[in-house]
Structure formats: structure tokens, C-alpha cells
Amino acid sequence: MKQKKIKKYTWSMFLSLVVCMTFVFSGCGNKKASESMLGESGQATELSQGDQAPDFTAEVNDGSTFSLSEQKDKVILLNFWATWCGPCVEEMPAFEKLYQEYGDQVAILAVNSMEDKGTVDRFIEEQGYTFPIAYDEKGEIISKYPTDGIPYTLVIGKDGTVKKIYIGAKGAEQQYEEYKSAIDSEL
């Protein structure tokens, strides 16, 4: 009897580890956002490099608004994330570091995907982040940027086209290096 419990426990731990590793290596799925991204044909239309980045306006945590179309002649680093997404949270220090490094030279915006403002504000306060974070409680912004998972990050050139697309994250330092390289190639 004791051996059956040990085998059952070991099997449960193995399955849990497989599920966790799937999220770590592939990013966090976002079923609600994916469902809301279906077009009239029932198919999601993902963006590709070279596509024009869809315009949107969002409320930012500091009370201001961010409009993509108002960022003319700036490179934009646009990220979609959620507080419950481990890889999203792990890469957030990269955005803070880039924001401190580039200042107003690059428009950095992390769009929280479909969580309430209170949850987002508590997270920002606990972590002490100063870079702009937008609210997308109803999924209206992420529906313009369809993806199978988050974190989902785009580098948008000064001409408004998508230059690089990243799905998932490998940690703050590696993402910092990748994003910095992509930004520098567009400046």
C-alpha cells in the first residue's frame, strides 16, 4: 500500500513538472485573449515582421494615455503580459533597465492582458517599476495583436512596422540583450 502511494506521488510530481516546464519554455497561454482574437472567419490573424503595427490608445498606470500613432519617429518596445505568467514576471526587470537606459528616446510600454487595475497597481507598487504599464482589462488591445501566448513582445520601427516579434521569455538578462540589440538596430 505504501509503495502505491509513493508511485502515485511520484507520477503526480512528474506531471506537474512537465506542465510547469511547458509554460517556462513556451510562455504562458492566454485562452481568453486567444478566443477574443478570432476574426470574422473564426481564424486569428497573427502579425508578421513587416506588418504595420495596429494603432491603439491605452490608459497608463501613471494616469496618462499612450497612443501608438503618437509615437512617430520613435522605436517602440511593446510587451503583453500578466501577473500570473511566470516568464512575464521574470523578464520585467529587462524593461525597467531598458527604460532607464533609453529614457524618452524609445517608447516602452507593457500592456497588462485582461487583469483588473487593482491587481496591476499592486504588482507595480510591490516591484517598484517605473516604466509605463497600460491596462487592457477587456482585451481590446491584445485582440489587435493576436498570439498564442504571453509574454509577447514586439519591436516596432520608427516607420510603424513590426521589426521583431518575441513569444515567451528566457529571463531578464537574456531578454534585455535581445531587446537592446533589436532596438539599437532600429535607432
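Points worth noting:
- Length gained when the stretch residue 116-residue 130 is fully extended (0.36 nm per residue, less Cα-Cα span): 3.1 nm
- Ordering of 73-80, 136-143 by packing is 73-80, 136-143, highest average first (other Cβ atoms within 10 Å, averaged per residue).
- Among beta bridges identified by DSSP and lying wholly in the range 27-186, the antiparallel ones come to about 60 percent.
- Once you reduce the range 74-114 and the range 154-168 to the center of their Cα atoms, the two points are 13 Å from each other.
- Which of 119, 147 has the fewest Cβ neighbours within 10 Å, and the rest in rising order: 119, 147
- Each 10 Å bin from 0 upward holds the following percent of the Cα-Cα pairs of the range 68-107: 26, 46, 26, 2.
- 3J(HN,Hα) along the range 127-139: 8, x, 6, 10, 6, x, 10, 9, 9, 9, 4, 9, x Hz, from the Karplus curve 6.51 cos²θ - 1.76 cosθ + 1.60 with θ = phi - 60°, whole Hz, x for Gly and Pro.
- Taken over the range 64-187, the convex hull of the Cα atoms encloses 100 Å³ per residue.
Read-outs: derived from the displayed coordinates by stated rules, not from any lab. What you are looking at is a predicted structure, and each value in this text was computed from that prediction instead of being measured. Please note: Cβ atoms are built from the backbone with ideal geometry, for glycine as well, and neighbour counts cover all protein chains shown.
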